[in-house]
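Here is the structure we will look at, set down as structure tokens.
The values are calculated or read from the model by the stated rules, or taken from the named source; none is laboratory data. The model shown is predicted, which means the values in this text are computed figures rather than measured ones. As a convention, Cβ positions derive from the backbone with ideal geometry for all residues, glycine included, and neighbour counts pool all protein chains shown.
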């Protein structure tokens, strides 16, 4: 399974999750089977399109899961349309979020009737 995280730097699994999905400079791609990571530029980080370009980039990478600190409802809805589940991070460090996700402890985000944040559910 391929899990993506929005990040500001390329410092491995000890790095923090960037505060906003759409404007993160990079995505850390983590393969749960091989336990390897790689980085991809977020081609949408400079766009003012509500995360549309970033959503397309995540989809093109083949991600199944996106773990974020901050994301808008429209982006969550678009990601779901591509079959990508979005989860709220449990803290800043990526390695801890991988463990929490694999243990079923992260809250999944759902786009719904909201203004600037998404409903979450376990």
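Looking at the stretch 1-108, what strands (runs of 3 or more DSSP E) fall wholly within it and have at least 3 residues that are surrounded by fewer than 18 Cβ atoms within 10 Å (Cβ to Cβ)?
36-41
Scanning for something modelled with pLDDT of 95 or more and touching a helix residue (DSSP H, G or I) at 6+ places or on another chain (Cβ under 9 Å), does the stretch 55-63 turn up at least one residue?
yes
Go through 10, 52 for me and flag whichever is under 24 Å from residue 111 (Cβ atoms) and in contact (Cβ under 8 Å) with a residue 12 or more places away in the chain.
Result of the check over 10, 52: 52.
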